[in-house]
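Structure first, then comments.
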């Protein structure tokens, strides 16, 4: 809508891609597989992580937490004795609504890359901009809550299209919602045909074992997903 | 985290404030009160609007819909015989994650300002950037769903702090959640002491009459809220 603005975004995206490649090279050198975990606010990223990290002890995992402000999620995960690094994006007026490659780059010296096999980056809760900024990840996992409605893949197509796995969370609430799961899956298939999905509930634990198995096997086949 | 970037944001916010004042002047000339309606994706903005617009016939209402892509929400509301104008923000790669004053300005010629008393602008679903960009509104209303967790006011303080009314939606789901409403309200009070709130359910209709009354009386006291 505004030529000057679009140009700034393009430049920012070019710079971002360059820095993301540098991050990727550092992760490769350390042999670390990286997951970029994204969702809307309150879809259950942290709750699912709390569940999946218990029982994942045979993989050395680190977490990088991105939030506008505070360390609520980082504090929750640190209780599980997992190394957690926090990035806050409130450098400006209201804060950045996503992680970008440079923010992740600034955190790399604080990450125990030599001691971990798998790094999970929990992005800022947002369905738009996080999808636009690669941070050097191998794969993207998205959490979509059934409370958010069936049309979300059509409204936020880039997010759903760029993810390698969709965790459909809060399915324990299905009996209490008007949510049409078949319609959601059809909408998902429209924007990202064939993308794998898992039904999950951070509350009951359903689907958590399945996601844990996927994460355990990820380092051996992440290259194929890139 | 990046000096150049912060400067761009600052310039963008200055330009935005200038254009927001121009929008405000146009709305004032036409005698239109403007609500900026914001929330995370899937919190229920459109569903609550569908409910509240029925029975609001004695106020002439128009709706401006902001979405990254598509016109799902606009189509839903147009069925209620309310004039609806759509803005799509997907001018760039993945789309803008918020409305800004210039996008609203570009829609003004399409708005029936002489025929309406109240304009409701449904912003892009996002808890960060929409709060940073004034668009010329009188008041800001935020929808927060109880499915999103109690800590959201602390994680997204600018959004909760700049709103004049918080609609706490999906309260029909409270018996099925571990959500602690008292804790949420304490967190809300921490970031925005004394802000009015209403408990609502777009599904059962609870709280909708109360919000409709608030909207009916808004034109007469909007100036006091500015």
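The values are calculated or read from the model by the stated rules, or taken from the named source; none is laboratory data. Keep in mind it's a predicted model, so treat the numbers as computed, not measured. Cβ: placed from backbone, ideal geometry, glycine included. Neighbour counts: every protein chain shown.
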query: Among the residues of the range B:60-79, how many are under 21 Å from residue B:30 (Cβ atoms) and surrounded by fewer than 17 Cβ atoms within 10 Å (Cβ to Cβ)?
result: 1
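Let's see how each residue does on (1) in contact with a helix residue (DSSP H, G or I) (Cβ under 7 Å, 6 or more places away or on another chain); (2) at pLDDT 95 or above; (3) over 14 Å from residue A:123 (Cβ atoms):
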position	(1), (2), (3)
A:26	yes, yes, yes
A:55	yes, no, yes
A:64	yes, yes, no
A:72	yes, no, yes
A:76	yes, no, yes
A:88	no, no, no
A:93	yes, no, yes
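If you scan the range A:93-105, which residues turn out to be buried (at least 16 other Cβ atoms within 10 Å of the Cβ) and at negative phi?
From the range A:93-105, those buried (at least 16 other Cβ atoms within 10 Å of the Cβ) are A:94-105; that's our starting set.
A:94, A:96, A:97, A:98, A:99, A:100, A:101, A:102, A:103, A:104, A:105, listed by residue number.
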- request: Within the range B:164-178, count every residue that is within 14 Å of another protein chain (Cβ to nearest Cβ) and buried (at least 19 other Cβ atoms within 10 Å of the Cβ).
  value: 6
message: Can you tell me how many residues within the range B:117-132 are buried (at least 24 other Cβ atoms within 10 Å of the Cβ) and within 14 Å of chain A (Cβ to nearest Cβ)?
response: 10
message: It is to be established whether one or more residues within the range B:106-116 are closer than 23 Å to residue A:127 by Cβ and surrounded by fewer than 23 Cβ atoms within 10 Å (Cβ to Cβ).
response: yes
message: Condition first: touching a residue at least 60 places away in the same chain (Cβ under 8 Å) and facing chain A (nearest Cβ under 9 Å). Can you find one or more residues in the range B:97-105 that meet it?
response: yes
- prompt: Taking residue B:131 and the conditions (1) closer than 24 Å to residue B:212 by Cα; (2) in a loop (DSSP other than H, G, I, E, B), which numbered condition does it fall short on, given that it satisfies the others?
  reply: (2)
